[in-house]
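Engineer: Encoded as structure tokens, here's the structure I'll be asking about.
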Amino acid sequence: MPEEKTLLQQIREKEQEFAGKIEAVRKETEAAVAAAENDAESLLCTADSTGRSGAERLYWEEKGKIEVEIERLNHEAEEERRQIAAAAETNLSHAIKVITSHVTME
């Protein structure tokens, strides 16, 4: 017949059983924390990469719009210069006559 264990022995066995369970849970928790840290790091890298590519895309889009606007303004300025030059050309002979008459007092 098996020897009956004392209450102290039974308590000690339960303590050891629970210590083993606690150790297993601790290892699982550490593994879960490590996995979460890796996932977080991966998410940060992905977010950083996505943010950079989005910012770069926005930069080039806006730069393109600005270049188009600059080109439009240059064309407008050139057209305005041509119009002013044409108006000056038509008024040049009259201006010469007026200036000459004032200088020569005619």
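Engineer: If you add up the charges near ALA47, with Lys and Arg at +1 and Asp and Glu at -1, over every other residue whose beta carbon is less than 14 angstrom from its beta carbon, what do you get?
Structural biologist: Working: positive: ARG52; negative: ASP39, GLU41, ASP48.
In short, -2.
Engineer: Taking the Cα atoms only, what angle lies between the long axis of helix 7-104 and the longest principal axis of the chain, rounded to 10 degrees?
Structural biologist: Tilt relative to the chain: about 0 degrees.
Engineer: While we're looking at this one, here's another question. Name the residues of segment 24-67 whose amide N is less than 13 Å from a point 7 angstrom out from the Cα of GLU78 along the C-beta direction?
Structural biologist: Within reach of a label on GLU78: no residues.
Engineer: Which of LEU44, THR29, LEU8 sits closest to the plus end of the dipole of the chain, meaning its Cα is farthest towards the positive end, when Lys and Arg get +1 and Asp and Glu get -1 on the C-beta?
Structural biologist: With unit charges placed on the Cβ atoms, the residue in question is LEU44.
Engineer: Here's something else I'd like to know. Taking the Cα centre of the chain as the origin and placing charges on Cβ (Lys, Arg +1; Asp, Glu -1), which of GLY54, LEU73, ILE96 is farthest toward the positive end of the dipole?
Structural biologist: Of the listed residues, the answer is ILE96.
Engineer: For VAL68 and VAL103, calculate 0.36 nm times their separation in residues minus their Cα-Cα distance, and state this gained length in nm to one decimal. Spell out each step's value before the answer.
Structural biologist: Details: separation 35, 0.36 × 35 = 12.60 nm, distance 4.89 nm.
Value of the extension gain: 7.7 nm.
Engineer: Please identify, among LEU73, LEU92, LEU44, the residue showing maximal mean-square fluctuation in a Gaussian network model of the chain using a 10 angstrom Cα cutoff.
Structural biologist: Comparing LEU73, LEU92, LEU44 in a Gaussian network model of the chain, the most mobile one is LEU92.
Read the figures in this text as sums done on the coordinates, not as results from a lab. Note that the coordinates shown come from a computational prediction; the quantities given were computed from them, not determined experimentally. Here the Cβ is made from the backbone with ideal geometry for all residues, glycine too, and neighbour counts use every protein chain on show.
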